[in-house]
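First comes the structure, then the notes that go with it.
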Amino acid sequence: MPNVFTPAQDNNNFFGAEGSGIKDYEMWVYTREGLLVFHSESMNDRWDGKHKGENCPQGTYTYRVAYKTVAEPESEMEVVGTVTILR
């Protein structure tokens, strides 16, 4: 998972996970205050730094990713971290 992205720039303008062998996937992104600003159930659906069509301010956001792999379909894995938007 990247820790910085730059929406509306020439590159690095979306935030999301990459991987292979993923069976189930879900990602949530929250503000520091705990407001959910993005949710996805597909690794192809990446966050563009917006919430309800408006640009989120530059700053740090918390994410949580829950997933299962093809190799271990009964075990849910979790990744939690932060990502910073630079505008």
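For this structure, a couple of remarks:
- For residue 28, net neighbour charge (Lys/Arg +1, Asp/Glu -1) across residues whose Cβ lies under 13 Å away: -3
- Of [x] 15, 30, 23, 18, 10, 4, 1, 0; [y] 17, 51, 25, 7; [z] 18, 59, 22, 1, the label for P(r) over Cα pairs in 10 Å bins from 0, in percent derived from the coordinates: [y]
- For the chain: relative contact order, % (alpha-carbon pairs under 8 angstrom, 6 or more apart): 34
- Taking Cα centre as origin and charging only the Cβ of basic (Lys, Arg, +1) and acidic (Asp, Glu, -1) residues, the dipole magnitude of segment 4-85 rounds to 260 debye.
- Positive-pole candidate from 85, 29, 71, dipole of the chain, charges at beta carbon: 85
Read the figures in this text as sums done on the coordinates, not as results from a lab. This one's a predicted model, so the numbers in the text were calculated from it and none came from an experiment. Every residue, glycine among them, receives a Cβ derived from its backbone with ideal geometry; neighbour counts consider all protein chains shown.
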